[in-house]
Amino acid sequence: MKMNRVVLLAINAKYVHSSLSVWVIAEGVSLYSQKPHDVNVVEATINQKFEDIVSAVAELEPDVIGVSSYIWSAEMLPELLVLLRERLPGAVIVLGGPEASNNADYWLENGADYVLRGEGEYVFPQFLDTLEAKGRTQGDGSLAHAFSRSEASISEQHMCPVNPYNDSYFAALNGRLSYIETSRGCPFKCSFCLSAGSGVRYFPLDSVKEQILKLSLANTKMVKFVDRTFNCNAERAFEIFEFVVGLDTSCTFHFEVAADLFDERTLALLETAPHGRIQFEIGLQSFYEPALKATVRQTDLEKAEHNIRSLLKSQNIHVHVDLIAGLPYETLADFIKSFNRAYTLNAHNLQLGFLKLLHGSKLREQVDDFGIRYSPEPPYEILCNPWLSVEDVEALKFAENALQHTHNKRRFLSTLYYVLSVTEKTPFTLLHSLGTAVPSHATQLEDYIVQLFDFFVTLPGVDEFELKDCMIYDWLSMVKGKNTPAFLKNEDEHRAKLAAIAENTLGRKPRREEYAVLHSGKGIFVDSNNYNTVTGLYEVHICG
């Protein structure tokens, strides 16, 4: 009997990313299909040429092309589907994923023969079997909405977590980021999120630990848990954290967590984690209570702030904090207060994100109620609302640009600290004025540092030579193998003595670009072989 030749196409945001969903679905087909199907996976990126993506699919001569859809790939998909149709006129094109399943009519009119809803590892196998039984037909809308999990013939008791980590997966991984899912759904009801109020289904811990161990021994530097609120079950989270902490691996594990859900027992355990073993992404979203209430966001802000500071105290865990600009009722002044409060936490990364009105989210259904205007194109970002004008959003964009190119890239941290300490500026006002005065798009770092100096040195209270010393310190801590910019150099007779001190400390002869004399007269040198994966900086020594 002739088998369906199936290609599952994933389009990732970056090459370093990998796709979990297509591999889970591929394994689901082998477990749950009643008929044989020949399934292959193709992973591409949004930066690839369309012709190359189409060729990679076409050379496998598929009868069925399954495409996963997300906000980062949605804009390019209509044109890509046209090219796939031209190159493979006989193939059936079926879309799944959050973008398609929450906007089926649009995709059925823009290149898809079918759109599937539900959990792909259960839905897609039944779709293939049904398609085979009916005969492959393009554009038959009768199957478009037919395969939700509740309608699937696979009974609940036979549904088990699918393990996608086979030899083919690891061969394709090739050192990129890997992903793991240990639970599905979320108990919370945040109206801007697609997982709101879906409830949580936990996968068996024995299976989870087995998969974590397998990934920790693979050729991947980071494993990202895709669980929506990983620590919503404190006991279960503790057991997985404990397992991860005890592994013999150089791998880093990344979790999305709610800071206010950590208990003291878990915080104590996390203090013992090996340096760089764990990363946390923490969605604060806002410190403004009316905005959180309007979006049904439940957070104990005082406890969250306390726990974030506790996590940062040991400096063994990289902490990333998220804010969302554009929530209902939060004015620019309100958001600035949230931003300044979040900045003073001194997390390693502070994301200033903008509200996205996602297909399928409750808040997208409420845009008229709240008077929200947003872009019709992915990622459906807010343009304005009654509390945040177009000009306000633009102001936030300037600050976000400066934040991304300094603090979030772990650049000029001591410079920012110094300037904030001697001026009357708040973190937001400094970054906004910096982003306005020094746009950093496509600017070489050697040029950007000159522009930063020219801007900072004009601020009241800033001393030229203290500023230069901070910039020398930052340059050595963040850049490897590049000479200090000429305008910062302070050549004098102490360099030879400093080189000898550095050699004695490092146990090797330092390279010329690894040491400098500060304008204060002190010496500074860097151990560029000692990179801190938590802070993202090299170790710097000051002497004299």
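The values are calculated or read from the model by the stated rules, or taken from the named source; none is laboratory data. What you see is a predicted model, and the numbers here were worked out from it, not measured in a lab. Positions of Cβ are generated from backbone atoms using ideal geometry, with glycine treated the same way; all protein chains shown enter the neighbour counts.
Side notes on the structure shown:
Table: residues versus (1) polar (S, T, N, Q); (2) loosely packed, with under 14 Cβ neighbours inside 10 Å.
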site	(1), (2)
467	no, no
470	no, no
495	no, no
508	no, yes
513	no, no
516	no, no
532	yes, no
541	no, no
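- The set of residues in the stretch 493-529 that are of a type in the set (Gly, Ala, Ser) and in a strand (DSSP E or B) comprises 516, 523, 528.
- Complete set of residues in the stretch 31-61 that are of a type in the set (A, V, I, L, M) and out of contact with any Pro (no Cβ under 9 Å at 6 or more places or on another chain): 39, 41, 42, 44, 46, 53, 54, 56, 57, 58, 60
- Residue 236 being over 18 Å from residue 350 (Cα atoms), of a type in the set (D, E, K, R) and over 21 Å from the mean Cα position of the chain (by Cα): yes
- Residue selected from the stretch 518-530 under the condition surrounded by fewer than 18 Cβ atoms within 10 Å (Cβ to Cβ) and more than 22 Å from residue 487 (Cα to Cα), by the criterion farthest from the chain's Cα centre (by Cα): 529
Yes/no matrix, rows are residues, columns are (1) over 20 Å from residue 57 (Cα atoms); (2) surrounded by 22 or more Cβ atoms within 10 Å (Cβ to Cβ); (3) of a type in the set (D, E, K, R); (4) out of contact with any Ser or Thr (no Cβ under 6 Å at 6 or more places or on another chain):
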| residue | (1), (2), (3), (4) |
| --- | --- |
| 74 | no, yes, no, yes |
| 79 | no, no, yes, yes |
| 83 | no, no, no, yes |
| 89 | no, no, no, yes |
| 106 | yes, no, no, yes |
| 109 | yes, no, yes, yes |
| 114 | no, yes, no, yes |
| 133 | yes, no, no, yes |
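- Number of the condition not met by residue 429 [criteria: (1) assigned to a helix (DSSP H, G or I); (2) at pLDDT below 95; (3) under 20 Å from residue 340 (Cβ atoms)]: (2)
- Conditions (1) loosely packed, with under 15 Cβ neighbours inside 10 Å; (2) at pLDDT 95 or above; (3) within 17 Å of residue 399 (Cα to Cα); number of the one not met by residue 460: (3)
Every residue, every condition in (1) assigned to a strand (DSSP E or B); (2) at pLDDT 95 or above; (3) among the hydroxyl-bearing types (Ser, Thr, Tyr), yes or no:
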site	(1), (2), (3)
440	no, no, yes
454	no, yes, no
468	no, yes, no
474	no, yes, no
481	no, no, no
531	yes, yes, yes
534	no, yes, no
541	yes, yes, no
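- Filter result for residue 295 (touching a helix residue (DSSP H, G or I) at 6+ places or on another chain (Cβ under 6 Å) and of a type in the set (Val, Ile, Thr)): no
- Residue tally, condition over 23 Å from the mean Cα position of the chain (by Cα), surrounded by 21 or more Cβ atoms within 10 Å (Cβ to Cβ) and under 10 Å from residue 122 (Cα atoms), over the stretch 23-45: 3
- For the stretch 181-189, the count of residues that are more than 20 Å from the chain's Cα centre (by Cα) and either exposed (fewer than 15 other Cβ atoms within 10 Å of the Cβ) or charged (D, E, K, R) (or both) is nonzero.
- Elements of type helices (runs of 4 or more DSSP H) in the stretch 328-371, at least 2 residues being more than 16 Å from residue 386 (Cα to Cα) and modelled with pLDDT of 95 or more: 332-343, 362-365
- Verdict on residue 424 being acidic (Asp, Glu), outside any helix (DSSP H, G or I) and either under 30 Å from residue 78 (Cβ atoms) or not assigned by TED's automatic domain parsing to the domain that holds residue 359 (or both): yes
- Residue tally, condition of a type in the set (Gly, Ala, Ser) and in contact (Cβ under 8 Å) with a residue 40 or more places away in the chain, over the stretch 470-502: 2
Per-residue answers, yes or no, for (1) in contact (Cβ under 8 Å) with a residue 60 or more places away in the chain; (2) in the same structural domain as residue 191 (by TED's automatic domain parsing); (3) closer than 27 Å to residue 379 by Cβ; (4) crowded, with 18+ Cβ neighbours inside 10 Å:
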site	(1), (2), (3), (4)
270	no, yes, no, yes
279	no, yes, yes, yes
283	no, yes, yes, yes
295	yes, yes, yes, yes
311	no, yes, no, yes
315	yes, yes, no, no
320	no, yes, yes, no
329	no, yes, yes, yes
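- Residues located in the stretch 372-394, provided they are more than 26 Å from residue 194 (Cβ to Cβ) and either out of contact with any helix residue (DSSP H, G or I) (no Cβ under 6 Å at 6 or more places or on another chain) or assigned to a loop (DSSP other than H, G, I, E, B) (or both): 389, 390, 391, 394
- The stretch 396-415 - residue that is part of a helix (DSSP H, G or I) and in contact with an Asp or Glu (Cβ under 9 Å, 6 or more places away or on another chain) and, of those, surrounded by the fewest Cβ atoms within 10 Å (Cβ to Cβ): 414
- The residue of the stretch 58-110 that is nearest to residue 378 (Cα to Cα), among those that are within 26 Å of the chain's Cα centre (by Cα) and in a loop (DSSP other than H, G, I, E, B), is 75.
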